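Report on the following structure.
Bear in mind these aren't lab numbers, they're just calculated from the coordinates by the rules spelled out. Values in this document were obtained by computation on a predicted structure and should not be read as measured data. Cβ coordinates were reconstructed from backbone atoms using ideal geometry, including for glycine residues, and neighbour counts include every protein chain displayed.
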Amino acid sequence: MRYFTAIIHQDGGSAYGLTFPDLPGCFAAADSWDGIPAAATEAIDLWFEDMPDVVPASLEAIRHRPDVAEALASGAVLMPVPYIPADTAMERVNVSMERALLRAIDETAKARKMTRSSFLASAARRELVGTASR
């Protein structure tokens, strides 16, 4: 998992705007602070659909960029955004957990018309990056 730094700004009562110094042209908007992780993840996913792989710069390097310093002076904040690259290859794993927890997972997955695997993957992604599976 890699982390890309987002510059988050808000003008007055508008939505939060996000830009990513390492990803030219990648931007997002969120109506609330809580909506930022999902908006950021979606924007990064879409950006990487058409762009080559990028190694994120360090937070220190980002802070020293003149455009970022200017944004911070204007009230913007920086936020690291976790990114898990898309990889459609499936891999079988063996996990152990409490029997009652497994039953609860299976019941919930069935009610949501999901497989156990897709439910666990969605829950793991939500825990890691703050959004549900793609």
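When the helices in the chain are scored as -39500 (n - 2.57) per DSSP H run of 4 or longer and the sum is shared across all residues, what 222 nm value do you end up with, to the nearest 500 deg cm²/dmol?
Helices in the chain give a 222 nm mean residue ellipticity of -12500 deg cm²/dmol.
Normalised by the residues of the range 27-134, what does the relative contact order come to in percent, with Cα pairs under 8 Å and at least six apart?
Rounded, it is 27 percent for the range 27-134.
From the gyration tensor of the Cα coordinates in the chain, what semi-axes in whole Å does the equivalent ellipsoid have, largest first, with each one equal to sqrt(5λ)?
34, 17, 13
In which sequence would ILE62, ILE84 go, from the one with the fewest C-beta neighbours within 10 Å to the one with the most? Let's see the in-between values first.
Working: ILE62 21, ILE84 15.
In order of increasing Cβ crowding within 10 Å: ILE84, ILE62.
What number in nm² do you get for the range 88-134 if you take the convex hull of its Cα atoms and divide its surface by four?
In nm², the orientation-averaged hull projection of the range 88-134 is 3.8.
Report the Cα-based extents of the range 48-90 along its three principal axes, largest first, to the nearest Å.
45, 18, 16 Å, listed from the longest principal axis down.
If amide hydrogens are placed 1.01 Å from N in the peptide plane, which non-local residues have theirs closer than 5 Å to the one on ASP22?
THR5
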